[in-house]
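Asker: Dumping the structure here so I can ask a few things about it.
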Amino acid sequence: MGSPRPDFSQVGFVKTFVLPALLIFVVPVLALLFFRHAEAWFDADVREGILRDVRADSRLSPEDRDQAIDFFTRTPFSQLVADPAVAATVDGNLAFYYATFRWMNRLAWWSILAGVGVFVFVGVCVLFSLRSQTAQYWSLQAGWHVLRLYGAAQTVVIGVLLVALSFWVTALWFNFYSVKLILVVGVFALIAAGLVIVAIFTTPKEEFSIDGVVLRRDDAPLWRELDALCARVGAEPPDQVVAGIDDNFFVTESPVTVRGKLYRGKTLFVSLALLKQLNAAEAQAVLAHEMAHFSGQDTLYSRQIGPLLRRYGAYLHALHQGVITWPVYSFMLCFRALYELSLGRLSRQREFRADAVAAEATSPADVAAALVRVMAYSRFRATVEQELFSTARAMSAADVSGRIEQGFPAYAAGFTSGPDIGEMELAHPFDSHPPLSQRLGALGVPLADDALRGRLGEAGDGGWRAHIPDADGLEREQWRAFEQRFRDEHEASLPYRFLPETPEERELVERSFPPVTFDGADGPLRLECDQIHCEGWPTRVRFADVTNCELTDAQVLKIQYAEGAKQTKSINVKKLGDGQAFLEAFQRYYHRYLVAVAYRKQVQATERKDAE
């Protein structure tokens, strides 16, 4: 299915990624400016005292006095006190202050220069990654190691600078300091450093689960056909074939879990539902395309790069949680986005190559027809599921497969005349795909080709599906499980759609959110799906009238509502029979109401847009 693309235009990329990445320099630049200012302020104060002593020293000759005045006027004391011998002769506190300024300036400079250096290094890595899949892997490997070490070091440096600033800004400018502020900043710095250090040594769990059934080599004729096809495209056969009902085909070398069992090696996923809609030549074109990914070692590189990307993602997550590390997070995210450009470019090249190999093994017309039919099926299935899920009543059965079977032939026949079809991309669990128009263009088959439209108007013969023993039974079993999950999820969502206006709607909502009564000091407190009431209150408080809810430190829930004039109801949670249960229930019921309000607004906005 088609999906919105990230804004990778020059302006969009700079605005979304580059400008936030520059925040990495904000703290060190501000710290450098401040501590140079602090150093200059102390230099001026110390110079004034020294010059006063020099002028008052009667032991100095006029020439010596003039030389001393000139020397101390031209030479900042911060430069002199950097000499350990000089530092040993001055007040200990003053020497410590100057040492603090000196090290904060050094840290700030290191942070700025390291940021610039890493920016250049990783930029070169990204450019190098565009050369080939091998270059992409090694550049990402090098970039990842440099970035994670830089991110950890930068987190520590920013934390130290912020702690120092939390003391010195108020101490220098306002002659006081806040211990609480310093502790808060220090705690945040320690938490951020801990999160980043843990992320460095954490390896995310690598697991990909597939719904389907593994086809045994000794009892599936499909294997013989696959072996012959692999010989034609110069690829080794997969280690296992998984048959499911998803709306695509794919291959991977990452470990996969099927029905609780882990499988390693090369895996091919075939869609029983799609094989039914494809004729034999189209199915062969699709499978030749997938086997071409094996011959091009595409899946090998995907398997090597995948763990790096997952570790990168976990590291970004830790940085985002660190609060004070958000500038580092933005910096790292910028380069992740740059790598995404490289990954997407080479991924699309792999798809063009696989299409070309498949066209050579079958024909360009077969590959084109297969691409369009698979894409049409994916969009039609999504449309059917969306329409069913939007049904505002409980379903006795979710007949997704039946609706697809009945409606897809007519939909496929007119698919190429729909708007924006050429910009659609096939969904894939591992790789991105070029738009349909580009893939068809590379095959030399335009989207408006009459022969292509004619083929789509013909129902598929399911030729390759016949090579799978009991394909009907396997598909029926999986659709039954899928449709039960679909129905359960739909029914669970229904209570969150209604602001009950009819007895039927209220009954449906109250199946999941029934009225609940709690014992209170002012009488029984009754919580319903859309309101709350107490015997001691003159009126009910409808959620629609609530403007604010607040739980005070004294465990008093204050509900502000507007029914004419603004009013407030207070509930002392500690005086309820089970205060914790009440708070949890109130939060759930009120949250349900807010979700239902948002859902209704979304529906109304969609209806207005459709009407326009």
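The values are calculated or read from the model by the stated rules, or taken from the named source; none is laboratory data. These figures come from a predicted structure and were not determined experimentally. Cβ sites come from the backbone with ideal geometry, for glycine too, and all protein chains shown count toward neighbours.
Asker: Checking ARG311 against (1) in contact (Cβ under 8 Å) with a residue 40 or more places away in the chain; (2) crowded, with 19+ Cβ neighbours inside 10 Å; (3) of a type in the set (D, E, K, R), which test does it fail?
Answerer: Only one criterion is unmet by ARG311, namely (2).
Asker: Can you tell me which residue among ALA451, ALA397, ALA412 is among the hydrophobic types (A, V, I, L, M, F, W, C) and more than 20 Å from LEU278 (Cα to Cα)?
Answerer: When all the criteria are applied, what remains is ALA397.
Asker: Taking region 437-482, which residues are outside any helix (DSSP H, G or I) and charged (D, E, K, R)?
Answerer: ASP449, GLU458, ASP461, ASP470
Asker: Among the residues of region 416-436, is any assigned to a helix (DSSP H, G or I), at pLDDT 90 or above and not hydroxyl-bearing (Ser, Thr, Tyr)?
Answerer: The answer is no; no qualifying residue exists.
Asker: How about region 77-169: which helices (runs of 4 or more DSSP H) wholly inside it have at least 1 residues that are in contact with a Phe, Trp or Tyr (Cβ under 6 Å, 6 or more places away or on another chain), within 30 Å of SER342 (Cα to Cα) and not assigned by TED's automatic domain parsing to the domain that holds LEU346?
Answerer: 92-129
Asker: Just for region 291-308: of the residues that are more than 27 Å from the chain's Cα centre (by Cα) and surrounded by fewer than 23 Cβ atoms within 10 Å (Cβ to Cβ), which one is nearest to ALA231 (Cα to Cα)?
Answerer: SER295
Asker: Moving on to the next point. Which of the residues spanning region 269-303 are in a loop (DSSP other than H, G, I, E, B) and within 11 Å of ARG373 (Cβ to Cβ)?
Answerer: Once the filter is applied, which keeps residues that are in a loop (DSSP other than H, G, I, E, B) and within 11 Å of ARG373 (Cβ to Cβ), region 269-303 yields LEU278, ASN279.
Asker: Does TYR98 qualify as being under 25 Å from ALA164 (Cβ atoms), in contact with a helix residue (DSSP H, G or I) (Cβ under 7 Å, 6 or more places away or on another chain) and not aliphatic (A, V, I, L, M)?
Answerer: yes
Asker: Let me ask you something else. Being of a type in the set (Asp, Glu) and within 18 Å of ARG592 (Cβ to Cβ) is the filter here; which residues of region 525-552 pass it?
Answerer: Passing the criteria: GLU528, ASP530, ASP545.
Asker: So, one more: SER417 fails exactly one of the following numbered conditions: (1) of a type in the set (Ser, Thr, Tyr); (2) surrounded by 19 or more Cβ atoms within 10 Å (Cβ to Cβ); (3) free of Cβ contacts under 8 Å to residues at least 40 places away in the same chain. What is the number of that condition?
Answerer: Among (1) of a type in the set (Ser, Thr, Tyr); (2) surrounded by 19 or more Cβ atoms within 10 Å (Cβ to Cβ); (3) free of Cβ contacts under 8 Å to residues at least 40 places away in the same chain, SER417 violates only (2).
Asker: Filtering region 460-495 down to residues that are aliphatic (A, V, I, L, M) and surrounded by fewer than 19 Cβ atoms within 10 Å (Cβ to Cβ), which residue is farthest from the chain's Cα centre (by Cα)?
Answerer: That would be ALA466.
Asker: From the list ALA370, ALA337, ALA392, which residue is crowded, with 22+ Cβ neighbours inside 10 Å and either of a type outside the set (Ser, Thr, Tyr) or not assigned by TED's automatic domain parsing to the domain that holds THR134 (or both)?
Answerer: Going through ALA370, ALA337, ALA392 in turn, the sole match is ALA370.
Asker: Taking the criterion of being surrounded by 13 or more Cβ atoms within 10 Å (Cβ to Cβ) and farther than 29 Å from HIS37 by Cβ, would at least one residue in region 69-86 satisfy it?
Answerer: No, region 69-86 has no match at all.
Asker: So, one more: On the basis of being farther than 14 Å from TYR590 by Cα and touching a Gly at 6+ places or on another chain (Cβ under 6 Å), does GLY536 make the cut?
Answerer: yes
Asker: Taking ALA466, is it within 25 Å of ARG216 (Cβ to Cβ), among the small types (Gly, Ala, Ser) and touching a Leu at 6+ places or on another chain (Cβ under 8 Å)?
Answerer: no
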